[in-house]
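Take a look at the structure set out below.
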Amino acid sequence: MKPKERQAYILEKVRQEKSATVEKLSKIFSVSVQSIRKDINFLCEEGLLRRIYGGVEMALQKDNISYDSRKIIHYDEKKIIARLIAKQIPNNSSLFFSIGTTPEIIAKELINHKNLKIFTNNLNVALVCCENSSFEVTLHGGLLRNKHRDIVGNDIEKFFSSYSVDFGIYGVGAIEENGSLLDFTQEECQAREAISKSSKKVFLVADYSKFTRNAYIRSGNISNVDSIFCDKKPPENICKLLEKNGVEINYENE
């Protein structure tokens, strides 16, 4: 495992467990304590972790980790989700794609489809979809967030509300035990809400880690989507909530 990839997983591990010791991380990743210390030094210098006695914890931050780091984390799980969702998108469909790494991986899985109409504020999704000459891609104009490879702005709601599409596809920062959807910025929440209102079917994509993560802004509930796509079966309390509200659950059987 390359240092950059290991650092991304260290971040996710500390995020899930609140803190971690150098020795524990060394055992988890089967590398020397010195290598872990180098990783920690880098992550602390970047403002992502902070040192505590005997280890590290998440630095106080209101932002998500970088796109490149998120793209590495749980990549195989996101591929599973992409394969599941691609099977339900017919040719000649219109789609909204929100921000995040999972939508990009889904876009790659759809690349052999025909005549899709794509509306997105996700720069990487737009670039992927440009590889298929039969796709028509509409990209929201606005402020490019370099760290996250997406475009936001005060008119993000207006952009998605201007169209009516077959499928709206989005991820979230985290999902609470009661099904509340969490994200890191108000713009991300506004985009999700607009996508939900203007899509005939709403697909939520969430690898299992989203049920153990934290984010800060609450907007919407998992019970309000049409289908959820996961890499494995969601927690039992979430499944009961989804079944109660008639939400279709899609995951890969173990």
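The values are calculated or read from the model by the stated rules, or taken from the named source; none is laboratory data. Since this is a predicted model, take the numbers as computed values, not measurements. Counting neighbours? That spans all protein chains shown, and the Cβs are built from the backbone with ideal geometry, glycine included.
Just a few scattered comments:
- Test: residue in the range 125-139 that is more than 22 Å from Tyr163 (Cα to Cα) and of a type in the set (Val, Ile, Thr): no
- Residue check, Asp166 over 30 Å from Gly47 (Cα atoms), surrounded by 15 or more Cβ atoms within 10 Å (Cβ to Cβ), touching a Leu at 6+ places or on another chain (Cβ under 9 Å) and among the charged types (D, E, K, R): yes
- Residue count for the range 180-189, restricted to those that are in contact with a helix residue (DSSP H, G or I) (Cβ under 8 Å, 6 or more places away or on another chain) and buried (at least 19 other Cβ atoms within 10 Å of the Cβ): 3
- Applying the criterion of at least 1 residues that are in contact (Cβ under 8 Å) with a residue 24 or more places away in the chain and under 23 Å from Pro90 (Cα atoms) to the strands (runs of 3 or more DSSP E) found wholly in the range 147-236 leaves 165-170, 199-205, 227-229.
- Residues in the range 39-69 that are of a type in the set (Asp, Glu) and either modelled with pLDDT of 80 or more or farther than 30 Å from Asn146 by Cα (or both) were compared, and the one that is surrounded by the fewest Cβ atoms within 10 Å (Cβ to Cβ) is Glu45.
- Residues of the range 72-116 that turn out to be surrounded by 23 or more Cβ atoms within 10 Å (Cβ to Cβ), assigned to a loop (DSSP other than H, G, I, E, B) and of a type in the set (Ser, Thr, Tyr), as a count: 1
- Selected residue (criterion: surrounded by the most Cβ atoms within 10 Å (Cβ to Cβ)) from residues of the range 29-38 that are out of contact with any Lys or Arg (no Cβ under 7 Å at 6 or more places or on another chain) and in a helix (DSSP H, G or I): Ile36
- Residue count, the range 121-146 (criterion: assigned to a loop (DSSP other than H, G, I, E, B) and surrounded by 17 or more Cβ atoms within 10 Å (Cβ to Cβ)): 4
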